[in-house]
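Everything on this sheet refers to the single structure shown next.
Please treat every number below as a calculation from the coordinates, not as lab data. Predicted, not measured: the structure shown is a model, and the values here were computed from it. Note that we place each Cβ from the backbone using ideal geometry, even for glycine, and neighbour counts take in every protein chain shown.
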Amino acid sequence: MKKWIIVILLIAMMAYAVIDFLIEDQDSEEAAENAEVGLDIGNVAPNFELQTLAGETVSLADFRGKPVMLNFWATWCPPCRAEMPDMQQFHEDTDITILAINLTTTEASEEDVPAFKEEFGLDFTIPMDRENKVSDLYQIRPIPTSYIIDKNGVIKFYTYGPLNYEQMMLEYNKLQ
């Protein structure tokens, strides 16, 4: 008899946990649907479409359902160079999608970007902002600038300046 009571209690607790998780996830999605598009924490990140270094077209909306890190950078920027190895490790250690948006109009030559990618062994997506449309949309001034966006497209964190691996992981773990 005691075994049956324990089994029933365990099943009830598991059912409660699943229902609570589903309701919490639904509340998060509803909050995202009602959030204003903007650049502040709690806003839905503005959508954009860019061509990648590999020639594919990507938009931020393509990655709904996954956490995303947007990083605005250039090859000539010393702090950008400093954070790239940590960003690559972060990419390898998590399920986050990194969109490292190159500010192409600031480069001496667009050919510097593939050489930079190879030098640092980067295998995350590098969209090319060839007309400053996205950097203007996100009002990028200092670089690097990074945004962490949750799976619902809501900005959870942003910063100006380089991030190290520990800072990236700290913000990523807040999404969990």
Anything in the stretch 129-176 that is on the phi < 0 side of the Ramachandran plot and polar (S, T, N, Q)? List them, or say none. SER135, THR145, SER146, ASN152, THR159, ASN164, GLN167, ASN173, GLN176
Meets criteria (out of contact with any helix residue (DSSP H, G or I) (no Cβ under 9 Å at 6 or more places or on another chain) and touching a residue at least 40 places away in the same chain (Cβ under 8 Å)) for ALA45: no
For the stretch 64-97, give me each residue that is of a type in the set (Phe, Trp, Tyr) and touching a residue at least 40 places away in the same chain (Cβ under 8 Å). PHE72, TRP73, PHE90
What number of residues within the stretch 60-75 satisfy the criterion of being surrounded by fewer than 16 Cβ atoms within 10 Å (Cβ to Cβ) and of a type in the set (Gly, Ala, Ser)? 2
Name the single residue, out of those in the stretch 142-175 being among the basic types (Lys, Arg) and under 10 Å from the mean Cα position of the chain (by Cα), that is nearest to CYS80 (Cα to Cα). LYS156
Does the stretch 85-98 include one or more residues that are hydroxyl-bearing (Ser, Thr, Tyr) and over 29 Å from GLU36 (Cβ atoms)? no
